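Okay, so here's the structure we're looking at.
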Amino acid sequence: MVDFESFKVNDFDIEDLFVKQGWKRYFDMLNGPIYSRLVKEFWMKAQVYDELSARLEEEALVRKDPSLKGKSREELGLSIFNGTVIKSVIAG
């Protein structure tokens, strides 16, 4: 958060410089509302699906059926791992 008033009180009035460069709206957006309850709910229900998660998923299937060892994710019936994904269900 950028507090231009605090800068002014300390004899460092820089707000006009940002207004002239067209940055004022950007700082207004940064200083806008923060939905802390929504953010908290998101992270409480978030799951990070990363390379380790993908590998553990594969290993669990192989433990259940050892004949699957050495097969690709597609052959195991799993979706292709394209990188880390953060999933969260915050509505219901």
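The values are calculated or read from the model by the stated rules, or taken from the named source; none is laboratory data. Here the structure is a predicted model, which means the values were calculated and not measured. Here the Cβ is made from the backbone with ideal geometry for all residues, glycine too, and neighbour counts use every protein chain on show. All accessible areas refer to the heavy atoms of the entire protein, side chains included, with ligands and DNA or RNA removed. Shrake-Rupley method; radii C 1.70, N 1.55, O 1.52, S 1.80 Å.
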All but one of (1) in a loop (DSSP other than H, G, I, E, B); (2) surrounded by 10 or more Cβ atoms within 10 Å (Cβ to Cβ); (3) not β-branched (Val, Ile, Thr) hold for Pro33; which doesn't?
(2)
Among the residues listed as Asp11, Asp28, Asp65, the single one being loosely packed, with under 11 Cβ neighbours inside 10 Å and on the phi > 0 side of the Ramachandran plot:
Asp11
Of the conditions (1) touching a Leu at 6+ places or on another chain (Cβ under 7 Å); (2) open to solvent by 50 Å² or more (accessible area, probe 1.4 Å), Lys71 satisfies every one except a single condition; which number is it?
(1)
Of all the residues that make up the stretch 1-56, how many are of a type in the set (Asp, Glu) and within 19 Å of the chain's Cα centre (by Cα)?
3
Can Phe42 be described as more than 28 Å from Ser88 (Cβ to Cβ) and surrounded by 13 or more Cβ atoms within 10 Å (Cβ to Cβ)?
no
